[in-house]
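Notes to accompany the following structure.
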Amino acid sequence: MTPIYIHGIAALSALGSGKQATLAGIRSGQSAGLQAYDAKLYSGRSTFVGKVTEPLVELAPKLNDAKNRNNLIAATAYQQIADVIEAIKQTTAASRIGVVVGTSTTAIAEGESAIKHHQQHGELPDDFRFAHQDIGDTADFIARLAQVSGPTYSLSTACSSSNRAFISAQGLLESGLCDVVICGGVDSLCELTVNGFDSLEQVSPEPSRPFDSRRRGINIGEAAGLFVLSKTPSKLALVGWGESGEGHHMSAPMPCGSGAKRAMEQALESANLQPADIGYINAHGTATQLNDAMESTAIEELFGNQVPVSSTKALTGHCLGAAGAIEAAICCYLLEQKQSAPQWPQDFTQADDVKSLNFTASSGQLSSLRILSNSFAFGGNNASLVFELNEHNHD
């Protein structure tokens, strides 16, 4: 594939806002961004979540009709790329700038509050806007925020949504429909997702431990990761992508890992790379029994145990539709530092049902300035991306 270049990155998660806070959180490890969930699960159990604690921006009066937590998280992250977009708009028509966002929650939290209000008062609150429940709401909001009018839409394939947004953005640029795409993912915490995963008995009562013998499930998180993409060369690029849809089960991955392996193989093939060309793998690594066993099998079959592997979900929580985007931001930040991410926790003990991979205990220098990032979702929706740092290119 033709590389797609990155000209701006915005990251907001439980680790903090921007590059420095994100890297500091990764280096500190030990579930840096996770905190006890401040509400009881319907089951009576408890858990940890990755909550954004950074103060969220106030919207301009003309955007107040778009106010919900998902959009406020998006707007707070957008500040990090606002100057880049404004500079691009000096030479690029607004109609040539698109927006593609991966998400799964939009304004579900506000919908939950509205339903409770209706149960108590017999009517919906005056400020409730049903349009916020639309899966495209956040993409539309970002387009309004940036004042652009190119193709604008959201993708929602559960936990692979953001990786698929990158793939879709690549298509918009390659086809000539857009000159620039604002791409990424945004998701916010709500009772539906936390309790939904708890009903599947997949929510951990403690900070998650991907690939660990003591792993007990996931911690739900919230985040925004936004990127400015174009075909104009820069140092950071998306150089390969792969996707598969095995449809094995509604919520369980194919145990042999063939769907995940195919997505990774396609990503390497499209980038014209061999497994040894990858310097670090950011695993999907949910800390669930089925995913970690499956993913380790797929990685071992393709890469052996030579490439460093870890999961940053132990630090941010599993950010669902935004997982791929916040992890893409982490991957790009790591590339700029030429380092891999550490495996959390320090007392990591590999599980018996997990293949022997090169799990990283601390940040290390990358052997290659290319990182593979995996996102695997319900229904067998798998997507893998390859990011590269080329120091000879300049923004």
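The values are calculated or read from the model by the stated rules, or taken from the named source; none is laboratory data. Not measured: the values here are computed from a predicted model. FYI the Cβ positions are ideal-geometry reconstructions off the backbone, even for glycines, and counts take in every protein chain you see. We work out accessible area using only protein heavy atoms, side chains counted, and drop any ligands, DNA or RNA first. Shrake-Rupley method; radii C 1.70, N 1.55, O 1.52, S 1.80 Å.
Using the rule -39500 (n - 2.57) for each DSSP H run of four or more residues, divided by the residues of the chain, the 222 nm mean residue ellipticity is -9500 deg cm²/dmol. Taken along its three principal axes, the alpha carbon spread of the stretch 311-395 comes to 44, 31, 21 Å, from the longest extent down to the shortest. When you work out D = kT/(6 pi eta Rh) for the stretch 104-253 at 4 °C and 1.567 mPa s, using the Kirkwood radius from C-alpha pairs as Rh and the Stokes-Einstein form, the result is 71 µm²/s.
By accessible area, using a 1.4 Å probe on protein heavy atoms only, the stretch 244-395 has 46% of its surface on carbon and sulfur. Against the compact-protein benchmark of 2.2 N^0.38 Å, the Cα-based radius of gyration of the stretch 65-108 scales to 1.37.
Of the whole protein surface, HIS121 contributes about 110 Å² of accessible area at a 1.4 Å probe radius. Of THR91, THR288, THR312, the residue with the greatest mean-square motion in the GNM of the chain, using alpha carbon springs below 10 Å, is THR91. Can you give me the C-alpha center-to-center distance between the stretch 113-180 and the stretch 1-58, rounded to a whole angstrom? Cα centres, the stretch 113-180 to the stretch 1-58: 20 Å. Among the listed pairs LYS51/LYS313; LYS19/LYS355; LYS62/LYS231; LYS231/LYS261; LYS231/LYS313; LYS40/LYS116, which have their C-alpha atoms separated by more than 22 angstrom in this model? Over 22 Å Cα-Cα: LYS19/LYS355; LYS62/LYS231; LYS231/LYS261; LYS231/LYS313. Rounded to a whole number, what is D in µm²/s for the stretch 288-327 from Stokes-Einstein with the Kirkwood radius over alpha-carbon pairs (20 °C, 1.002 mPa s)? For the chosen part, D equals 187 µm²/s. At an R0 of 25 angstrom, the distance between the Cβ atoms of ASP65 and SER95 translates into a FRET efficiency of 0.60. Along each principal axis, taking the top coordinate minus the bottom one, the Cα set of the stretch 224-349 gives 40, 33, 30 Å in descending order. Computed over the chain with a Gaussian network model linking Cα atoms closer than 10 Å, the most mobile of GLY304, GLY111, GLY122 is GLY122.
Kirkwood hydrodynamic radius computed over the stretch 155-228 comes to 14.5 Å, based on all pairs of distinct alpha carbons.
Modelled label positions at GLU58 and ALA361, each set 7 Å beyond Cα in the direction of Cβ, lie 5.1 nm from each other. A compact globular protein would have a Cα radius of gyration near 2.2 N^0.38 Å; the ratio found for the stretch 209-279 is 1.46. Computed over the stretch 31-172, the convex hull of the alpha-carbon atoms projects to a mean area of 11.0 nm². Taking each residue as 0.36 nm, the span from PHE130 to SER113 lengthens on full extension beyond its C-alpha to C-alpha distance by 4.9 nm. Using every pair of distinct Cα positions in the stretch 1-76, the Kirkwood expression returns a hydrodynamic radius of 15.1 angstrom.
To the nearest 10, the accessible area of MET1 is 70 Å² with a 1.4 Å probe. Across the accessible surface of the stretch 99-240, with the other protein chains kept in place and a 1.4 Å probe, carbon and sulfur atoms take up 52 percent. If the segment from GLN306 to HIS121 were pulled out straight at 0.36 nm per residue, it would be longer than the present Cα-Cα gap by 60.5 nm. With contacts taken as Cα pairs under 8 Å and at least 6 residues apart, the chain reaches a relative contact order of 24 percent. Once the 1.4 Å probe is applied to the protein heavy atoms, the stretch 69-143 comes out at 47 Å² accessible per residue. When the Cα atoms of the stretch 108-192 are aligned to their principal axes, the ranges along those axes come out at 52, 27, 14 Å in descending order.
Solvent exposure of the stretch 297-345 amounts to 18 Å² per residue of accessible area, where only protein heavy atoms count and the probe is 1.4 Å. Which percent of the Cα-Cα distances in the chain go past 40 Å? Pairs farther apart than 40 Å: 10 percent.
Using the Cβ-Cβ distance between CYS256 and LEU200 with R0 = 30 Å, the FRET efficiency computed as 1/(1 + (r/R0)^6) comes to roughly 0.90. For the options SER28, SER156, SER13, a Gaussian network treatment of the chain with springs between C-alpha atoms closer than 10 Å singles out SER28 as fluctuating the most. Where both bridge residues fall in the chain, DSSP classifies roughly 65% of the beta bridges as antiparallel.
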